[in-house]
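Notes to accompany the following structure.
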Amino acid sequence: MYIGEETGGEFNSCQTSLQKLSIRGCRELRFLPKGLRQPTLVRLEMIECSNLTEASPVELRNLTSLQHLELDRCNSRWARAWEEGQFCLTSLRTLDVGHFSEELDYFPWPELAKARNPQHYPFMSLESLELWGWPKLKCLPNQLRHLTTLRNLGINKFAELEALPEWLGNFSSLESLELYWCRNLRSLPSLENFQCLKNLQSLNITRCPLLTEMCKEGGEEWHKIAHIPTRI
């Protein structure tokens with residue numbers, strides 16, 4: 001089901017078997033639809049809902065069937081609630097999140113310690129993660145180091161990020177890494193840690209001018225990536 005600005009944000013709460021819901025460009029939407037929290041929901045997209053002030057990510061915490069979640073360019077209040085929320089999204093496989101607020105100098109992320117049971121941490125089953133940052137960001141959320149089941153990781157628009165963290169070497173299941181528009185990024189993890197990514201098949205570096213130069217054949221970072229089958 002799609003809800004856009006042109007639909008007036010209408011929602012039929014009788015959709016008791018709803019599996020997919022996309023809410024896009026509803027800039028005047030303040031509340032989440034009443035019938036949202038349905039156990040059948042598998043895919044949820046909320047994009048450009050900048051006035052969603054009377055709702056928070058906490059309302060999503062019991063969507064235990066949810067496999068795909070996209071939160072992009074929602075109200076900055078969501079950044080705080082996202083960081084503090086207690087979730088139980090144990091079926092989540094794909095997460096696309098970011099563009100919270102250019103006023104923040106860090107990327108908010110729920111604390112592992114706040115999960116009732118670490119085994120039920122909502123993102124431990126994640127396979128694909130796309131992060132969208134903003135100009136002030138200098139580092140990735142440290143909590144990401146626990147997401148060792150990731151197969152695909154995208155890091156986008158972390159403008160002040162200069163080096164990828166060493167704990168990236170913990171992602172032994174990682175198959176694809178995409179780095180996009182990180183203008184100050186110039187360093188990968190150490191050779192020892194980067195070589196732990198034994199399943200990495202694809203590395204895409206786009207609009208990262210410093211790292212692109214470093215990763216050219218003969219560059220300072222070339223010896224770390226020369227073994228990767230697909231390099232863009």
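The values are calculated or read from the model by the stated rules, or taken from the named source; none is laboratory data. Here the structure is a predicted model, which is why all the values come from computation and not from measurement. Heads up, the Cβs are rebuilt from the backbone with ideal geometry, glycines too, and the neighbour counts pull from every protein chain shown. What goes into the accessible areas is simple: the full protein's heavy atoms, side chains included, and nothing from ligands, DNA or RNA. Shrake-Rupley method; radii C 1.70, N 1.55, O 1.52, S 1.80 Å.
Checking the conditions here, which among LYS198, LYS216 is closer than 22 Å to ARG145 by Cα and open to solvent by 40 Å² or more (accessible area, probe 1.4 Å)? Write out each step before concluding.
Values: LYS216 fails: closer than 22 Å to ARG145 by Cα.
Being closer than 22 Å to ARG145 by Cα and open to solvent by 40 Å² or more (accessible area, probe 1.4 Å) holds for just one of LYS198, LYS216, which is LYS198.
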* Show the residue pairs that are 6+ apart or on different chains and have beta-carbon atoms under 7 Å apart, the first residue being within the range 155-171 and of a type outside the set (Lys, Arg), the second being open to solvent by 40 Å² or more (accessible area, probe 1.4 Å) and part of a helix (DSSP H, G or I). => GLU166/ASN193; TRP167/ARG145; LEU168/ASN193; GLY169/ASN193; ASN170/ARG145
* To do: Would you check if there is a residue in the range 88-110 being crowded, with 20+ Cβ neighbours inside 10 Å, in a loop (DSSP other than H, G, I, E, B) and at pLDDT below 75?
  => no
* **Residues being in contact with a Phe, Trp or Tyr (Cβ under 7 Å, 6 or more places away or on another chain), modelled with pLDDT of 95 or more and open to solvent by 60 Å² or more (accessible area, probe 1.4 Å) - total across the range 145-171** => 1
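Can you confirm whether LEU174 is modelled with pLDDT of 95 or more and open to solvent by less than 40 Å² (accessible area, probe 1.4 Å)?
Working: modelled with pLDDT of 95 or more: yes; open to solvent by less than 40 Å² (accessible area, probe 1.4 Å): yes.
When the stated conditions are applied, LEU174 passes them.
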